[in-house]
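The values are calculated or read from the model by the stated rules, or taken from the named source; none is laboratory data. In this text the structure is predicted, and so the values were computed from the model without any measurement. Every residue, glycine as well, gets a Cβ built from its backbone with ideal geometry; the counts of neighbours run over all protein chains shown. Keep in mind that these areas ignore ligands, DNA and RNA; they rest on the heavy atoms of the full protein, side chains included. Shrake-Rupley method; radii C 1.70, N 1.55, O 1.52, S 1.80 Å.
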Amino acid sequence: PHRHVRMFLCSHQRFIAKQHMKGKKWDEVVMVEQNTSATLVCTGARLRGDISINWKVKLVDTDEWKLILSASEKKKFSGGASKPSMRLTDDNFRNTGDFSLVVSPEVADAGLYSCLIQKQERKVQERIFLLTVLTVGFYPPLPVHQYSTLRLFAKAIPVFSVSEITWTAPGGLPMKTEKWQTSGTVTKVPQVQNADGGTYTCTVYPRDSSSGVLAVRVDVSVDASKVASFTNISHGNEMSTATQALKPVLLACPSSQGDYVRLHWLSPDTNDYSKIKIVYDYDRWRGLTKTHSNKLRLAGPPYDSQAGSFSFLLTPDLKDGGLYICEVTLNDVTFSQRTKLSVLKVKTSLYPSKLNLLCLYSERSNIRGAMWKHDNKSRRLQISSGGPGSISTTLPLPITPDVAGNYTCSLQLKNGQTIQAVQAVTAPPTVSQSPGGPPVSFLVRPSVAESVTPSFLHPSLSALLLLVPLVSAAVGVLLWRQKHISDHGIEQSLSVQSGEAENIYENPEDIRQAPPQSSVYMDLKPRGDNDVYKELERYEQCQG
């Protein structure tokens, strides 16, 4: 439908410069779809005597007026600009004074039209019309196959006569439009479905308020039995990249602008393409997004998804590595970009006598080698593999200053790229216990890749905790004894200073210094493995 447009583009610009820039040169704007009839209304006195009528035209690709037709009382003849698609509306124009001209224009017929009434070759009346010709078209031909890209075009010549061109979908929904061929407008419906069939309306708004809007309807049908075949696919070179887990990484799409983008994903370390999934769809014309992952989003500047420039940002976990295929569709052409992504993750596992540093990575086909390193390059690490995609190194506990430091897991990709994750291991501080007891130590290990902060008790402290049940038993016996004595009217006190039953672990030495009473004092401070049992024996002897 736009086959005639390009040849008039340069001349159209000249027309704008010479007519529009000098100011208004017409009385009325008449808008018409190409090959559709329109009437340029012109009336005057009956043609009698020296009165004559002349229709002339100045087309957008010319700088001079040309005669269409001329008539007087006795004669009528056609000029060089006359066409079969141009005629007077009234055959009896000489008597009625109706000199209106009917035109069914092509794009090339747009321009200024003059209705000039003269008497004795002097102008009596002139009316000038700006004829704007609208071209509306669509592609592909009807009926449209499913999943194809429907394109709707509109272009008005001359362009300065129009303020706006809009499109609405079936049901009256506004559609996104963009400039097309400098002065035209295009809208698209990617991935056509049966529901997209119906009447689409193009509305043209004139810049001059002297005329109304022009609405042109296009009826679109969809063939539900046929599916579009996209055989024109351009493949880019496969890319390889890697990232740490939970750190955003850019998944590049083809640089070509497009109407629609789709992202496919094949899980890591598999070649079964039957398991490939669609994880993201975006239609920029309708603003529709379908996503199956909250870890994916369209990338911002310098990319602009609304203008058709696409890429994705992914915040992956270990299992989100694999093969990503970004497909950008422009009309009937598809551009494809494949990216293999490896994800690196560091984890730690704490055991009673050792700390295990584990380095995990996905999409192993992307990796040339993996290794652990320590800040101290002279320190040799024992590295082992826990299976495919895993290497580990083990550190003995407790952590000593020479073992502490940053441990780095490095992956080298087959394309030479290197990705690293750092795990910090800190030597534990020392906390003193009671005299004669061993220190209690703990470990804090903040990590760049993943923070794990365990703590553990020294074995000596664990042994001391075993005495708690024995102490509890002794306290129970003491309380029973206290009740037994009070039942005989004897008041007892475990506190010399206050005379009240306070904490039995407070100052046993004070109680030893108090005057002898009938109560039995039990020193619960452990001084040896069998001290608690000796106190129990003393109590039994007193009872006997």
Qualifying residue in the stretch 194-211 (condition: closer than 30 Å to residue 129 by Cβ, in contact with a Lys or Arg (Cβ under 7 Å, 6 or more places away or on another chain) and small (Gly, Ala, Ser)): no
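Within the stretch 324-384, considering only strands (runs of 3 or more DSSP E) that don't extend past its boundaries, which have at least 2 residues that are in the same structural domain as residue 240 (by the TED database) and at pLDDT 95 or above?
Filter on the stretch 324-384 gives 333-350.
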Hey, residue 81 aliphatic (A, V, I, L, M), surrounded by fewer than 17 Cβ atoms within 10 Å (Cβ to Cβ), touching a residue at least 24 places away in the same chain (Cβ under 8 Å) and not in a strand (DSSP E or B) or not: no
Looking only at the stretch 303-316, and only at residues there that are touching a strand residue (DSSP E or B) at 6+ places or on another chain (Cβ under 7 Å) and part of a loop (DSSP other than H, G, I, E, B), the one that is surrounded by the most Cβ atoms within 10 Å (Cβ to Cβ): 310
Residue in the stretch 100-120 that is part of a helix (DSSP H, G or I), at negative phi and open to solvent by 10 Å² or more (accessible area, probe 1.4 Å) present: yes
Some residue of the stretch 39-55 being among the aromatic types (Phe, Trp, Tyr), in a helix (DSSP H, G or I) and open to solvent by less than 70 Å² (accessible area, probe 1.4 Å): no
Selection within the stretch 376-394 - open to solvent by 30 Å² or more (accessible area, probe 1.4 Å) and more than 36 Å from the chain's Cα centre (by Cα): 376, 377, 378, 379, 380, 381, 382, 383, 384, 385, 386, 394
Elements of type strands (runs of 3 or more DSSP E) in the stretch 183-302, at least 1 residues being in contact (Cβ under 8 Å) with a residue 40 or more places away in the chain and open to solvent by 30 Å² or more (accessible area, probe 1.4 Å): 198-206, 214-220, 222-227, 233-235, 239-244, 249-252, 260-266
